[in-house]
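To keep things clear, I will list the structure first and then write my remarks on it.
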Amino acid sequence: YLSTSEAKEVQRLLETVSGEPSLVGKDPVGIAAAGVYLSVDTRTQATVATAAGVSTETIRLRAGQLRDLVNDD
């Protein structure tokens, strides 16, 4: 589970990248899970991947995309 503050941080990140063309067609669960991984320091890739039902590779790929999108702004 995420605390309220953690959930708000994830939401802020995801709102920042909402509508980005490079994320169109990507699994929303993988994108959200990567948002959790990037926003919550206490969660590992494996923990987030297991909770979301995606692979750690998905977390790695989507986290990289999210980082790139956020850093471009």
Accessible area per residue of the chain at 1.4 Å probe, in Å²? 63
Could you work out the relative contact order of the chain? I mean the mean sequence separation of Cα pairs under 8 Å and 6+ apart, divided by the number of residues, in percent. 32
Surface share of carbon and sulfur [accessible, 1.4 angstrom probe, percent] for the chain: 51
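The values are calculated or read from the model by the stated rules, or taken from the named source; none is laboratory data. What you are looking at is a predicted structure, and each value in this text was computed from that prediction instead of being measured. Note: accessible area is taken over every heavy atom of the protein model, side chains too, but ligands, DNA and RNA are not part of it. Shrake-Rupley method; radii C 1.70, N 1.55, O 1.52, S 1.80 Å.
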